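Worksheet for the structure shown next.
The values are calculated or read from the model by the stated rules, or taken from the named source; none is laboratory data. Note that the structure is predicted; figures quoted are calculated from it, not measured. Note that each Cβ is placed from the backbone with ideal geometry, even for glycine, and that neighbours are counted across all protein chains shown.
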Amino acid sequence: MKTNHALKRSRRRFLQTAGVAAASLVLVGAPRATRAALERAGKMNIGVVGSGRLGGTVGELWVRAGHEVMFSSLDLEHDKALAARLGTGARAGTSKEAAAFGEVLLIAVPYAALPQVGRDLGDALKGKIVLDACNPIPARDGEMAIEARAKGTGVASPQFLPGARLVRAFNCVGYISMKSEAHRAGEKLGIPLAGDDPAALKVAVRLVEDAGFEPVVVGGLARAKDFDAGTPIFGKAMTAAEVRRTLGISS
């Protein structure tokens with residue numbers, strides 16, 4: 001008969017083996033970079049392309065959550081100052097350097113700039129998880145924004161970022177609300193997400209949580225149209241429950 005100590009040791013080995021097996025089932029088929037991001041309990045490397053009000057705000061929340069973030073924009077001096085203010089975990093670089101650095105990218109630029117971002121970053125986007133927070137605003141972005149709004153950004157954006165594993169995220173709530181409401185007590189601010197890649201969505205969910213909000217997975221990229229600019233939900237600081245209720249999503 002095994003001693004109590006031996007029984008406990010056997011049980012612990014069984015649970016560890018079962019846990020590894022379960023994790024492996026979740027990660028089967030995921031690209032290597034995604035598996036690494038999902039398997040690691042600690043920090044991720046995140047590249048921010050467009051470190052203005054929205055990109056800078058979300059990136060700062062990730063730095064404070066313990067992630068490594070490289071900020072990039074058309075103003076490198078601004079990015080260097082932002083990184084210096086945030087300290088450990090923050091750095092600055094060009095958009096190409098941020099794309100190479102990040103396991104995950106957040107793109108937050110004017111929508112009219114998105115095609116050029118796709119051309120500039122090219123192969124660096126292929127197979128990479130990209131959180132797209134760009135909104136087509138016709139008064140600012142012109143005719144291409146009208147076309148994107150008609151298609152829905154979840155359908156339009158992948159054309160400009162070929163090969164990226166796209167998730168629509170952080171586009172619906174204003175940066176001021178995100179800055180003031182992150183990690184608030186009680187019901188958290190809801191952040192809608194849409195994506196076709198389950199593993200990419202899983203990473204996006206974690207990063208929304210790390211930023212201090214509650215993710216609401218709306219559906220595939222075609223459903224991103226439900227929280228595009230111009231929809232009733234856009235620009236509203238809603239709880240996750242309010243987002244689900246407004247969009248008719250079961251919890």
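A Cβ distance below 6 Å, combined with a sequence gap of six or more or placement on separate chains, defines the contacts here; from region 165-185, residues that are closer than 14 Å to Lys236 by Cα reach residues that are among the basic types (Lys, Arg) and at pLDDT 95 or above in the pairs Tyr175/Arg53.
All conditions but one from (1) part of a loop (DSSP other than H, G, I, E, B); (2) touching a Cys at 6+ places or on another chain (Cβ under 6 Å) apply to Asn171; the one that does not is (2).
Within region 208-219, at least one residue is within 25 Å of Val117 (Cα to Cα) and either modelled with pLDDT of 95 or more or among the hydroxyl-bearing types (Ser, Thr, Tyr) (or both). Taking region 108-130 as the range and being out of contact with any helix residue (DSSP H, G or I) (no Cβ under 6 Å at 6 or more places or on another chain) and crowded, with 24+ Cβ neighbours inside 10 Å as the test, the residues that pass are Lys128, Val130. I want to confirm something. Restricting to region 188-209 and keeping residues that are in a strand (DSSP E or B) and in contact with a Phe, Trp or Tyr (Cβ under 6 Å, 6 or more places away or on another chain), which single residue is nearest to Pro158 (Cα to Cα)? Residue satisfying both the conditions and the ranking: Pro192. Any residue in region 210-219 that is within 19 Å of Lys128 (Cβ to Cβ), under 18 Å from the mean Cα position of the chain (by Cα), assigned to a helix (DSSP H, G or I) and without any contact (Cβ under 8 Å) to a residue 40 or more places away in the chain? The answer is no; no qualifying residue exists.
Residues in region 138-174 that are β-branched (Val, Ile, Thr), closer than 14 Å to Lys225 by Cα and out of contact with any Pro (no Cβ under 7 Å at 6 or more places or on another chain): how many? Within region 138-174, residues that are β-branched (Val, Ile, Thr), closer than 14 Å to Lys225 by Cα and out of contact with any Pro (no Cβ under 7 Å at 6 or more places or on another chain) number 2.
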